[in-house]
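K.L.:
Can you keep this structure in mind? I'll have questions shortly.
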Amino acid sequence: MKTINLCFRVHQRYNLKRYRFFEIGNDHYYYDDYANESAMAAAVEQSYLEANRMLLDMIKSSNGRFRVSFSISGLALEQFQQYAPEVIESFQELAKTGSVEFLATPYGHSLAALYNDDEFELQVKMQADKIQELFGKRPTVFANSGLLFSDEIADKVYRMGYKTIMIEDAKHVMGWKSAHYVYSSIANPKAKLLVRDSKLSDDINYRFSQWGWCEYPLTAEKFINWVNASPAEEEVFNIFLGYEAIGQLNSRESGIFEFFKALPYHAIEKGITFSTPSKTVETFKPVDSLSALYPMSWTDEEKDISAWCGNDLQNEALTKLYNLAERVHLCSDPLLKLDWQRLQDTAHFFFMTTKHYSNGVVLAQNIPYESPYEAFMNYMNVLSDFIERVNAQYPTSIENEELNALLKTIYNQGQEIEELKSKLKKTKK
Amino acid sequence: MKALMFGWEFPPHILGGLGTASYGLTRGMSMQPDMDITFVIPKPWGDEDQSFLRIIGANTVPVVWRDVDWDFVNNRIGSFLHPDTYYHFRNGIKYNFNRIGTNDLGCIQFSGRYPDNLLEEIGNYEAVASVLAHSLDFDIIHSHDWLTYPAGIFAKRISGKPMVIHVHATDYDRSRGNVNPDVYRIEKEGMDAADHIITVSNLTRQTVIEKYHQDPAKVTTVHNAVEPLDFVDELHKSERKDKVITFLGRITMQKGPEYFVEVAARVLASTDGVRFVMAGSGDMMDKMVRLAAKKGIADKFHFTGFLKGRNVYEMLAESDVYMMPSVSEPFGISPLEAMQCGTPSIISKQSGCAEILDHAIKTDYWDIDAMADYIHAIVKYPAMYKSLRENGLAEIDKIRWEYAGQKVRAIYDKVLGR
């Protein structure tokens, strides 16, 4: 019996405003509110709200046989709360149907998994807390930012309590193996891996509206037939897309909504079911183990991390950023912590890539900078201000460990004082 | 393929970018085995590199018949021109140019510079062209910049061979829009008469099409390139406390020096350890000295005066940032030279070279904040400097005159219907 896992990643970055170096130390607000609000408004209007409504209808009309999952970053949830609380409500409605699963993912859509273990753990926890608070259920399956994955990450994630991980079917890791099975990680055999079918996913994501594509137009019937035509023993189809694929990347006029609406009918006809990651691993057992010595992801042709940390600019920015992690963890200023999450977004580093930059034109879409150098400069100006703020919290002359000890002492003494005060009160009475 | 080229300058005695570009282009074209270039300039000095082309000095070509014997000719101009060639040219005199003042050899004295009687020199150059057109064998005529267009036109009329003109600059660039009507007329006549027009950037191409009303199909861009530096290993950057930001070029309106001073003031207001250098000379130099003093940055803002030859590269190599805020630059070869030395460049979007450079910073010439910000970033964030330097070196290595020469050759073939 074949089954389809439809997963959507929902994320919106915080765009940085143009931040000149003479503002360092003077201006501590880093974001382009107009760009953020309008990007959010466009996504909500063209995609999120209507897609949510559509999925809700599909779940209801199929009596819960249609299932879907979401991996929503903390930053996206933050922006929903700020700009479009109605989206949260519509996700809550979806959650109530019981046919929807929410996946764990780093709060800041960050590369923390590669740079700082403490921060990584913290972010996954933050996001899970927020999901639980909003949707009433704690995630059990993990999907990293950009499906970032390696043996090391597999082990880390498993120890954090997530026994299933979504990964990309990177050729250099999969080799001849098919994405249509459940695998386990070689680093921790108990960690189960679900592999995204990049071909089928990208058919919907990138090729659906391309009339130059030889398979255009892609109908639900055709799509299900492809799934059905695979060998009988290949049973798990993980379709993982950015949620913007419905309505934004593929406009309403392309017929993307109708495509999704028709999927369950054709699937049920062929005896193909819909599932969620956690249900899938209950039904299917791992057939083999996979090993990824080096980090891999779902970006670009290379399916590696070179789009985020492939050049000197990116490495400098990331190193400077994560050098701060320990200090920031010791701080308690809530505004500082907020900025800390927002500055870790993978997008900031993607903008600095020189891979897509030639003949003076930035080839990758949606990059708000003229060149990688501009992106780097702007980010570093912001980061310089942020570093000053972090350093202003506690004297920089004190080492982190020493500071930690001092803070603990202060905290303990505070507690003691409180205790003594209350004792004093009692005795006075 | 035999090309007869008319130029005005040729290294080592050059006054501007035209000579450098002429040298690079002809050298690049000479890499094609069947390319035979004759390059005419008003006044050679005798120390030009003639290993890959033949140089003819217009001041050794007789335009008025004089009865002189072999030894006399050999004595006078033998080091430039073989006396037999002199007699060969003399047979090519078909018109009466007695109105022009000539010397005892029947040759015209050229200054080879840009004198006050420039228009007269341009006319005289035309006379020389007529003699050459009658006595030389060539397939195509190639004129570099407006000074040589009339010569090219005359040679074309006489020989019936097609003419290609090379627009290194237009008067719109030089004058910020206030064109000299005489210059415009000569430029326009040259473009009208040309079989094909080569421009050094799309920016210039647009000017040629819009301001000189040329058919776009007749205008092709061939970007300039740079010659590899053979002494690049000898250049070095000394260790010093302060970072150096350099402006290098003629200090004239076209180059936007006042923006450089403004940027310096903006950066110095909040950044330590930075010095600014304005190298070169020009009619706006005194004004810039006063402006720097007025801004109160004279202690960190330095002038070097005119630099030439190797000093230019040494200055570039010692710099941390090279800046060219030109208001209008048909091409602008100096950022490429800076990148050859491994120095990151900030250039204005209004320069032609911006069209082919990825790893140079591009801003609008008036965007002082952006330029200041980039300087701060290059000086303060090491990865920025390192990336621009390394990517720049790799990029510049691929911009070669050889490739530009091939493009010019393709145009020749097209014009000749080959």
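K.L.:
Would you mind computing the Rg to Rh ratio of region A:21-88 from its alpha-carbon coordinates, Kirkwood style for Rh?
P.N.:
1.18
K.L.:
So, one more: Could you give me the radius of gyration and the Dmax of chain A, taking only the C-alpha atoms into account and expressing both in angstrom?
P.N.:
23.3, 87
K.L.:
Determine, from the Cβ-Cβ distance of residue A:133 and residue A:29 and an R0 of 25 Å, the FRET efficiency 1/(1 + (r/R0)^6), rounded to the nearest 0.05.
P.N.:
Efficiency for this residue pair is about 0.40.
K.L.:
Expressed in whole Å with the largest first, what are the equivalent ellipsoid semi-axes of region B:68-209 derived from the C-alpha gyration tensor as the square root of 5 times each eigenvalue? Don't skip to the answer; put the middle values down first.
P.N.:
Values: eigenvalues 195, 60, 32 Å².
They are 31, 17, 13 Å, listed from largest to smallest.
K.L.:
Using all alpha carbons of the protein assembly as shown, what is the percent of pairwise distances in each 10 Å bin, ordered from the shortest bin to the longest?
P.N.:
2, 11, 17, 17, 15, 13, 11, 7, 4, 2, 1, 0, 0, 0
K.L.:
Convex hull over the alpha-carbon atoms of region A:308-412: what's its volume per residue in Å³?
P.N.:
Taking only Cα atoms, region A:308-412 has a hull volume of 98 Å³ per residue.
K.L.:
Taking 7 Å along the Cα-to-C-beta vector as the label spot, tell me the residue B:414-residue A:407 distance in nanometres, rounded to one decimal.
P.N.:
If labels sit at residue B:414 and residue A:407, their model points lie 6.7 nm apart.
K.L.:
Determine which residues of region A:51-84 fall in the zone a paramagnetic label at residue A:41 would reach in this model, i.e. backbone nitrogen under 20 Å from the point 7 Å along Cα→Cβ.
P.N.:
A:51, A:76-84
K.L.:
Using the scaling law 2.2 N^0.38 Å as the reference, what is the normalised Cα Rg of region A:99-208?
P.N.:
Dividing the Cα Rg of region A:99-208 by 2.2 N^0.38 Å gives 1.09.
K.L.:
Using modelled backbone amide H atoms (1.01 Å from N, in-plane), which distant-in-sequence or interchain residues come within less than 5 Å of residue A:16's amide H?
P.N.:
A:32
K.L.:
In sequence order, what are the phi-derived ³J(HN,Hα) couplings for region A:138-149 according to the Karplus relation 6.51 cos²θ - 1.76 cosθ + 1.60 with θ = phi - 60°, rounded to whole Hz, with x for glycine and proline?
P.N.:
Running phi through 6.51 cos²θ - 1.76 cosθ + 1.60 with θ = phi - 60° gives 8, x, 10, 10, 10, 10, 6, 4, x, 6, 4, 7 Hz.
K.L.:
Would you mind telling me which residue in A:61, A:297, A:397 has the biggest mean-square fluctuation in a Gaussian network model of chain A, where springs connect alpha carbons within a distance under 10 angstrom?
P.N.:
Top of the fluctuation ranking is A:397.
K.L.:
Using the Karplus curve 6.51 cos²θ - 1.76 cosθ + 1.60 with θ = phi - 60°, what ³J(HN,Hα) values do you get for each residue of region B:137-146, in whole Hz, with x for Gly and Pro?
P.N.:
Karplus values, whole Hz, x for Gly and Pro: 10, 8, 9, 8, 10, 9, 9, 9, 6, 4.
K.L.:
If you don't mind, there's one more thing I want to ask. Once amide H atoms are built 1.01 Å from N in the peptide plane, which residues 5 or more positions from residue B:303, or in another chain, come under 5 Å H to H?
P.N.:
Amide H neighbours of residue B:303: B:278.
K.L.:
Further question on the same structure: Separation between the residue A:417 and residue A:330 pseudo-spin-labels, each 7 Å from Cα along Cα→Cβ, expressed in nm?
P.N.:
A separation of 2.0 nm, rounded to one decimal place.
K.L.:
Quick one: dipole size for region A:3-290, taken about the Cα centre, charges +1 on Lys/Arg Cβ and -1 on Asp/Glu Cβ, in debye to the nearest 20.
P.N.:
Details: 30 positive and 38 negative charges, 126 e Å.
Here the size comes out at about 600 debye.
K.L.:
Could you give the alpha-carbon Rg of region B:315-369 over 2.2 N^0.38 Å, rounded to two decimals? Mind dumping the intermediate values first?
P.N.:
Numbers: Rg = 10.2 Å, N = 55, 2.2 N^0.38 = 10.1 Å.
Region B:315-369 yields a ratio of 1.02.
K.L.:
Right, next: Mind grabbing the base-10 log of I(q)/I(0) for chain B at q = 0.11, 0.13, 0.14 Å⁻¹? Debye formula, identical points on the C-alpha positions, no solvent, two decimal places.
P.N.:
At q = 0.11, 0.13, 0.14 Å⁻¹ the computed log10 ratios are -0.85, -1.10, -1.23.
K.L.:
Quick check on chain B: helices-only [θ] at 222 nm, where DSSP H runs of length 4 and up contribute -39,500 (n - 2.57) each and the sum goes over total residues. Nearest 500, please.
P.N.:
Result for chain B: -12000 deg cm²/dmol, rounded to the nearest 500.
K.L.:
Could you compute how fast region B:226-348 diffuses translationally, taking Rh as the Kirkwood radius over C-alpha pairs and applying Stokes-Einstein at 4 °C with viscosity 1.567 mPa s? Give it in µm² per second.
P.N.:
89 µm²/s
K.L.:
What lysines sit close enough to residue B:295 to cross-link, taking a C-alpha to C-alpha distance under 27 Å and skipping anything fewer than 8 places away on the same chain?
P.N.:
B:241, B:243, B:255, B:287, B:349, B:362, B:380
K.L.:
Shifting gears a bit: What's the percent breakdown of Cα-Cα distances in region A:244-377 across 10 Å bins, shortest bin first?
P.N.:
Answer for region A:244-377: a P(r) of 9, 22, 26, 27, 14, 2 percent.
K.L.:
Would you mind telling me which residue in B:367, B:242, B:116 has the biggest mean-square fluctuation in a Gaussian network model of chain B, where springs connect alpha carbons within a distance under 10 angstrom?
P.N.:
For chain B, modelled as a Gaussian network with Cα springs under 10 Å, the answer is B:116.
K.L.:
What residues have an amide H closer than 5 Å to that of residue A:5, excluding those fewer than 5 places away on the same chain, when H is modeled at 1.01 Å from N in the peptide plane?
P.N.:
Under 5 Å from the amide H of residue A:5 lie the amide H atoms of A:237, A:238, A:239, A:275, each far enough along the sequence or on another chain.
K.L.:
Let me ask something else. Which of these, B:96, B:202, B:391, has the largest mean-square fluctuation under a Gaussian network model of chain B (Cα springs below 10 Å)?
P.N.:
Checking each option, the largest mean-square fluctuation is seen for B:96.
K.L.:
How high is the FRET efficiency between residue B:234 and residue B:50 when r is their beta carbon distance and R₀ equals 25 Å, given to the nearest 0.05?
P.N.:
0.45
Rule-based calculations on the coordinates, nothing more; no lab input. Here the structure is a predicted model, which is why all the values come from computation and not from measurement. A quick note on method: Cβ atoms are made from the backbone with ideal geometry, for glycine too, and the neighbour counts reach across all protein chains shown.
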